[in-house]
Amino acid sequence: KQSKRNMAISWLESWARHFITGFLGRFISTGCLVLQEEEGGQTFTFQGINTCKCSLRVILRVHNPQFYWKLMTRADVGILDAYIDGDFSFEDEDEGLLNLVMLLIANRDANKSVAEVKKAWGWLTPVLFTAGIQSSLMLFKHVMNHNSLTQSRRNISRHYDLSNEVFAMFLGETMTYSCALFKEEEEDLETAQMRKNSVLIGKARIESKHEVLEIGFGWGTFAIEVVKQTGCKYTGITLSKEQLNFAESKVKEAGLQDRIRFLLCDYRELPETIKYDRIISWQRND
């Protein structure tokens, strides 16, 4: 349903708003999502009929009608851009973003299949002509910025070969770049990072008989920990000379040279003579 007010909006933005509200009307089947435009605009309420699965009510305050255009033409990337650009905000400033993500996940799961969602609107695959143009431009930029072996080495070196001392200032004792797993707010970073290592080792079900490959081993903390906990054989690769030197010194201190091997190479240059039982690749956002 919608509450009508007057809002200055271009025909393209109006078209995008019509498209987005139509999609959300079909997509929201549980919980409630409200798009509340600035004074003079409209309020759209999308109320799911199945409140058992999700009782969340999320209110977005739309400050700029470009919100609709960005969302229509760039889908998930578009909503991030709109948020960063201040095109919309949340009534609940503390947990609005988290609740929106949870609401979208609940409705994704509530739909019969991902294919059905894509049919209604290609959330992950742009379907409109405008979105096709945007995707083509992104593809062109990607092709022009092809990540060759030389380019990869250059990129890694510029970032990770700055100084191990610089990274130690904010990564702490474990020298771990990816997010930690905290159990309590008062917990220190090192404890949370080591817990994350243990959780990943458990989830990967790594055993002593396994050959483990880690793509981008950082400063070697996980390598040492996984071998200590399981007794497996480990191979790690990196393109950073600074990381390699640091990690090798740590492995030597731990006396695990017979179980841990580090290679300075791109993943595309890995020797094909060894088959791995587990492949680990940590992810992180800057």
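Values quoted throughout were computed directly from the atomic coordinates according to the rules given, and no laboratory measurement underlies them. Note that the structure is a prediction, hence the values are computed from the model and not measured. Because the Cβ atoms are built from the backbone with ideal geometry, glycine has one as well, and the counts that use them run over all protein chains shown.
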Problem set entry | For region 207-260, average projected area of the Cα convex hull in nm² | 3.1
Exercise. Which entries of 209/241; 70/241; 183/275 show an alpha-carbon separation above 32 angstrom in the structure shown?
Worked result: 70/241; 183/275
Problem set entry | Reachable aspartates and glutamates from residue 233, criterion Cα separation under 18 angstrom, eight or more residues apart if same chain | 207, 211, 214, 225, 248, 253, 258, 272, 277
Problem set entry | Relative packing of peptides 270-281, 203-214 - highest average C-beta neighbours within 10 Å first | 203-214, 270-281
